[in-house]
Amino acid sequence: MVRKLLSAVVVVALGSVVFAADLKSGPQAGEKVPGPFHPLNINGESAGKKACLYCKAGDSPSVAIFARNADDPVLQKLIVSIDEATVKNVKAELNSYVVFCSDDDKLEAKLKDLAEKSKLKELVLSIESDTGPEKYNINKDADITILLYKDRTVTANYTFEKGKLSDKDIPMVLGEISKLVK
């Protein structure tokens, strides 16, 4: 009897660990993208202004990243890779942008530097409040939330806790972009 009870406790405990590891952030695959918001654009045609990147993308295929740490070297590699994919898929009208959810006063200068050093051509870097756009439900425990969408419907969502995005995740995201622009 005690053994069965202990087994049940272990199963319940393991179940809660698995559940906790499934971090969800933002709209999930199959859901509509919640709509307009106006972050401060750091580069691109609306640099220095608050402009709606969701509105600019319209129904076109889009990659939207919500991030909290501009210093993450893997995120920086991902940004460059997505910018290259955006340039490559200009005929498919692929849009890409990164929204940094932060109230750091020094972030704007860091992002201007990142855009210049990375020689970004299409991907737009922007800044929003630390909670992210109101209706997007960006989880405070998510360091990076990647949404891929088309016709304003999410086709894929990848969410990473701090330090969990790795180099091996970059080809996975690029593969989803290939599917998105078909």
* Asked: Unpartnered cysteines of the chain (Cβ-Cβ under 4.7 Å counts as a partner)?
  -> Cys101
* To do: For the chain, find the longest principal axis of its Cα atoms and tell me its angle to the long axis of helix 169-180, 0 to 90°, nearest 10.
  => 70 degrees
* To do: List the pair-distance distribution P(r) of the stretch 33-132, using every Cα-Cα distance, as the percent of pairs falling in each 10 Å bin from 0 up to the bin containing the longest distance, rounded to whole percents.
  => 16, 54, 28, 2
* Which whole-number value in Å² is the accessible area per residue of the chain, probe 1.4 Å? -> 56 Å²
* **Gain on full stretching of the segment that runs from Glu161 to Lys32 - 0.36 nm per residue minus C-alpha separation** => 44.1 nm
* To do: Residues in the stretch 63-95, backbone N under 15 Å from the label point at Lys179 (7 Å along the Cα-to-beta-carbon vector): list them, ranges by number please.
  => 63
* What residues qualify as long-range amide H neighbours of Thr153, i.e. H under 5 Å apart, gap of 5 or more or another chain, H built at 1.01 Å from N? -> Val33
* To do: Could you pull out every one of the lysines with an alpha carbon less than 16 Å from that of Lys24, ignoring same-chain neighbours closer than 8 positions?
  => Lys32, Lys135, Lys140, Lys162, Lys164
* Nearest 10 degrees, 0 to 90: helix 73-88 Cα axis against the chain principal axis -> 50 degrees
* Percent accessible area from carbon and sulfur atoms, the chain, protein chains only, probe 1.4 Å -> 55 percent
* Vicinal HN-Hα couplings computed from phi for the stretch 95-108 (Karplus, 6.51 cos²θ - 1.76 cosθ + 1.60; Hz; Gly/Pro x) -> 10, 8, 7, 10, 10, 8, 8, 6, 10, 5, 5, 8, 5, 4
* Ratio of Rg to Rh over the stretch 55-96 (Cα coordinates, Kirkwood Rh, two decimals) -> 1.02
* Find, to one decimal place in angstroms, the Kirkwood hydrodynamic radius of the stretch 107-182, where the mean of 1/r is taken over every pair of different Cα atoms and then inverted. => 14.5 Å
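The values are calculated or read from the model by the stated rules, or taken from the named source; none is laboratory data. Just so it is clear, the structure is predicted and the values come from calculations on it, not from any experiment. Please note: Cβ atoms are built from the backbone with ideal geometry, for glycine as well, and neighbour counts cover all protein chains shown. Keep in mind that these areas ignore ligands, DNA and RNA; they rest on the heavy atoms of the full protein, side chains included. Shrake-Rupley method; radii C 1.70, N 1.55, O 1.52, S 1.80 Å.
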